[in-house]
Amino acid sequence: MLTNVKGKLTGLAVAAIMLAGASALSAQMSRGFRGNVVGVDGKPLVKAVVTFVNVENNAKYTIKTDKKGNFAYYTLPLATFDVTVTPPGGGEPVLIQKGLKSEFGTTVRFTINMALVEQQAAGEGAPPPGMTKEQAADYAKKVAAANAANAKVGQLNTLLKQNKEFVAAKQYDKAVAVMQQAVAIDQTHDVLYANLAEDLDHAKHYNQSAAAYQKAIALKPTDAGYVINLGTVLSKAGKIDEANAAFAKAAAMDPTQAKTAMYNMGVVLLNQGNMAGAEAAFTKLLTLDPTNADAWYYKGICLLGQAKTDPKTQKLIPPPGTAEALKQSIKLAPNGPNAKNAQAALQTIGGGN
């Protein structure tokens, strides 16, 4: 969800939260925060210390901003935190937000604008003392812009909460309608389009889902998970060549996603009845991950799907490697979900021993 930043300060320039569900294939099961800090001069604040204080036990987790003012802390416990920023070189930490919760599988992303940090909670945007008339006018504009941004974030918060409720109830058309309202309000956050795409996928509107994923990718072209999800909905829409191109692109973009891309490609082709193509995808996956029991099982099934029938004996003649693939699947996961089916397939071709 998106979040409005409150507490001692009434305005941060922009606050946005990435939902893990929007990119399920690429999501690491993180539970933390990332973002950036902007100095009073409008430039990235380097080596500022961002601290997350667990309100339950006062445990502190700190991280410094990099040369671009960015920070990321992905391994926080599931808890509620107060967030402070300490300027480079030391000084008193400044409270940025109280009561920020971490959630499993969700990464909170926000921007901290230190030009607004001096705003007093009771001052209703009054500029700090010592500013010139021109500086005060510029400050007032920044405060107004921040308040407007937070008001929009508040609207998006409400819509995302409704969306989550509709998804939980499997009322996907209503979830889609809510996210369509969200992207009408804001077209700058990839996560909004990704959530819309996911809802459209659930509602079986695959072409529309693909269009929404493409908008998310345009906003965040480095996210291989979005590209994998695009390939998945394209495959559901029957656009196999485009789906496979998306999977190949994702694998090239991010080698850590290559296995997921190859697996999805194999499943898509298998569901389409393209046994030879699917077998090739699973074989490629196994060169990357030879201990993947599922890949061995599906490779065996794909080979079995290409078996010929002896016209005299009516016995199946599977391609070479079929029995070996099924046996390897059982060996790697003897109690796995595919073990019984693999054993049954072996009995079918007389290779159960």
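Quick note: the coordinates plus some simple rules give every number you see, no bench work behind them. Note that the structure is predicted; figures quoted are calculated from it, not measured. For neighbour counting, all protein chains shown are included, and Cβ atoms are generated from backbone atoms with ideal geometry for every residue, glycine included.
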**Item:** Summed residue charge, Cβ within 14 Å of K170's Cβ, Lys/Arg positive, Asp/Glu negative
**Value:** -2
**Asked** With charges only on Cβ, +1 for K and R and -1 for D and E, what is the dipole size of the range 203-348 about its Cα centre, in debye, rounded to 20?
**Response** 260
**Request:** Work out the charge dipole of the range 134-202 with +1 on the Cβ of Lys and Arg and -1 on the Cβ of Asp and Glu about the Cα centre, then indicate which of Y139, Y172, H189 is farthest towards its positive end.
**Result:** Y139
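Dipole of the chain, Cα-centred, from +1 at each Lys and Arg C-beta and -1 at each Asp and Glu C-beta, to the nearest 20 debye? The partial results should precede the final answer.
On the way: 36 positive and 26 negative charges, 79 e Å.
Once rounded to the nearest 20, the dipole reads 380 debye.
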**Asked** When a footprinting reagent is the concern and you count Cβ atoms within 10 Å, what order do L219, L200 take, fewest first?
**Response** L219, L200
**Item:** Rounded to the nearest 20 debye, dipole of the range 184-285 from Cβ charges on Lys, Arg, Asp, Glu
**Value:** 200
**Item:** Part-to-part distance (alpha-carbon centres) for the range 152-207 and the range 226-274, which is given in Å
**Value:** 24
**Message:** Starting from 0.36 nm per residue, how many nanometres of slack lie between H202 and N58 once their C-alpha separation is accounted for?
**Reply:** 47.7 nm
**Prompt:** Which Cα, out of N271, I349, L326, lies furthest along the positive dipole direction of the range 234-349 (beta carbon charges, K/R +1, D/E -1)?
**Reply:** I349
**Which listed pairs, of K101/K259; K64/K101; K204/K284; K220/K259; K204/K239, have C-alpha distances above 26 Å, in listed order** = K101/K259; K204/K284
**Prompt:** Applying 1/(1 + (r/R0)^6) with R0 = 51 Å to the Cβ-Cβ distance of E165 and A307, what FRET efficiency is obtained, to the nearest 0.05?
**Reply:** 0.55
**Item:** Under 25 Å between alpha carbons - lysine pairs in the range 134-202 that sit 8 or more apart or on different chains
**Value:** 8
**Message:** Distances longer than 15 Å among the Cα atoms of the range 28-108: what percent of all pairs is that?
**Reply:** 54
**Prompt:** Where q = 0.15, 0.16, 0.17, 0.19 Å⁻¹, what log10 of I(q)/I(0) comes from the Debye formula for the range 203-348, counting one point per Cα?
**Reply:** -0.78, -0.85, -0.92, -1.05
**Complete:** For D173 and N271, extending 7 Å from Cα along the Cα-Cβ vector and measuring point to point gives, in nm, a value of 2.2
**Request:** At 7 Å along the Cα-to-beta-carbon direction for both N70 and K152, put a label point, then send me their distance in nm to one decimal.
**Result:** 2.3
**Fill in**
Rounded to the nearest 10, the angle in degrees between the Cα long axis of helix 206-219 and the longest principal axis of the Cα atoms of the chain comes to 50
**Item:** Hull shadow area, averaged, the range 134-202 [alpha-carbon convex hull, nm²]
**Value:** 4.7
